[in-house]
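So the structure is just underneath, and the comments pick up after that.
The values are calculated or read from the model by the stated rules, or taken from the named source; none is laboratory data. Just so you know, these numbers come straight off a predicted model, no measurement behind them. A quick note on method: Cβ atoms are made from the backbone with ideal geometry, for glycine too, and the neighbour counts reach across all protein chains shown. The accessibility values were calculated without ligands, DNA or RNA, using every heavy atom of the protein model including side chains. Shrake-Rupley method; radii C 1.70, N 1.55, O 1.52, S 1.80 Å.
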Amino acid sequence: MIDLVGYGAFFLTTALIFSLVTLGLNLQWGLTGLFNVGLAGFVAIGAYTSALLTTPDDPARLGGFGLPILIGWAGAMVVGGIAAALTGMATLRLRSDYLAITTFGVAVVVQLVALNAQKLTGGPFGIGFIPRPFGSLAETPLLFNLSNLAVVSAVALIAYLALEHLSRSPWGRVLKALREDERAAISLGKSARFYRVQAFGVGGAIMALAGALQAHFTGFIAPDNYLPILTFQVWVMLIVGGSGSNLGAVVGSILVWAIWAGSGTLTSVLFAPEQQARAASLQIVAIGVMLCVILLIRPNGLFGDIPRRPRLGKRAKAAAAKSSSGS
């Protein structure tokens, strides 16, 4: 029972880290309509930035400043946000598929730099000895996983509430207006480029924070952690949960990660060890089947099209009742 609780905490921690990436993507795509398929690059920037700031000194590479973990997370958000904003300034004049190709190229460049800049990133060997929150509890897996779950849950909750506030603020309404009708928003004096760069930068900062959390949660990062499959996973999470819904981004992340982890466990049980490398592709098949089923039942995702009931005042209710009785 204790092992089950510990695994449940580990699972939720990983799922909530994914939900942070999905929340950042939802700000860019669901709220603003920016088609970013290079999110793995911004996650990698956050992870490596925080690792370089917080790890002990290593003569084999640059960095290793040994700073506190919170400073590493803040630095990851700053660097990730700036990188995303610069990418936005250079690419947001493009639309749809051209923007997707460009952002994908950015992610590939980041991954190749992480793979080859050995003096900075450790190259294919990655960066180890990344300090872990509550590392002193590592010998007690249950307490360690529960402590990490509490920290990640608090960060995810703060990000969720902040994005909910932003989406309902005048700033968020401008982003929605740009997504729905750019010409109408511009005619009201709103700068499309200015607001889109802001949305891209804030979304990139949230993705970088998720990468930093994942780096400190596992204690080790390598370029193979940031392959295009990460982008595929997060996009499926957003589509399943419902584009434009922050709640959908969180629920979709947990649901898709549950299917991903469950299918991986199932293939390890059903297939012999020498066949498991090929059987791992069944995880993608399981996600694809689930995506098709959900989109057939809920084309806009689980929470993408929940109508909000208008709040009627007493006078409006009385007028509605009078008109219905008169007819």
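Condition test on Leu53, is it in a loop (DSSP other than H, G, I, E, B), more than 30 Å from Glu182 (Cβ to Cβ), of a type in the set (A, V, I, L, M, F, W, C) and open to solvent by 30 Å² or more (accessible area, probe 1.4 Å)? No: the conditions fail for Leu53. State all residues of the stretch 233-272 that are of a type outside the set (Gly, Ala, Ser), more than 13 Å from Ala286 (Cα to Cα) and open to solvent by 10 Å² or more (accessible area, probe 1.4 Å); if no residue qualifies, say none. If the condition is that a residue be of a type outside the set (Gly, Ala, Ser), more than 13 Å from Ala286 (Cα to Cα) and open to solvent by 10 Å² or more (accessible area, probe 1.4 Å), then Trp235, Ile239, Asn246, Leu247, Val250, Val251, Ile254, Val269, Leu270, Phe271 are the ones that fit.
Residues are listed down the side, and each one gets a yes or a no for (1) modelled with pLDDT of 95 or more; (2) basic (Lys, Arg):
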position	(1), (2)
His216	yes, no
Gly244	no, no
Ala249	yes, no
Thr265	no, no
Ser268	no, no
Gln283	no, no
Cys292	no, no
Arg298	no, yes
Gly304	no, no
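Counting only residues that are without any contact (Cβ under 8 Å) to a residue 40 or more places away in the chain and either of a type in the set (Phe, Trp, Tyr) or in contact with a strand residue (DSSP E or B) (Cβ under 8 Å, 6 or more places away or on another chain) (or both), the stretch 86-131 holds 1 of them.
Rundown of residues vs (1) in contact with a Lys or Arg (Cβ under 6 Å, 6 or more places away or on another chain); (2) surrounded by fewer than 19 Cβ atoms within 10 Å (Cβ to Cβ), yes/no style:
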site: Thr121; (1), (2): no, no
site: Pro141; (1), (2): no, yes
site: Val174; (1), (2): yes, no
site: Ala177; (1), (2): no, yes
site: Met207; (1), (2): no, no
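Is the stretch 270-293 home to any residue that is of a type outside the set (Phe, Trp, Tyr) and closer than 18 Å to Leu12 by Cβ?
no
Taking the listed residues Ala249, Ala199, the one that is hydrophobic (A, V, I, L, M, F, W, C), touching a Leu at 6+ places or on another chain (Cβ under 9 Å) and closer than 28 Å to Phe144 by Cα is Ala249, with no other qualifying. A single member of Gly30, Gly64 is more than 18 Å from Asn225 (Cα to Cα) and either touching a Pro at 6+ places or on another chain (Cβ under 8 Å) or free of Cβ contacts under 8 Å to residues at least 12 places away in the same chain (or both), and it is Gly64.
Evaluate the following for Val79: is it under 22 Å from Phe217 (Cβ atoms), open to solvent by 60 Å² or more (accessible area, probe 1.4 Å) and β-branched (Val, Ile, Thr)? Lay out the reasoning, then the answer.
Details: under 22 Å from Phe217 (Cβ atoms): yes; open to solvent by 60 Å² or more (accessible area, probe 1.4 Å): yes; β-branched (Val, Ile, Thr): yes.
Criteria met by Val79.
Looking at the stretch 85-92, can you tell me whether even one residue there is closer than 21 Å to Val151 by Cβ, assigned to a loop (DSSP other than H, G, I, E, B) and modelled with pLDDT under 95? Taking every residue of the stretch 85-92 in turn, none turns out to be closer than 21 Å to Val151 by Cβ, assigned to a loop (DSSP other than H, G, I, E, B) and modelled with pLDDT under 95.
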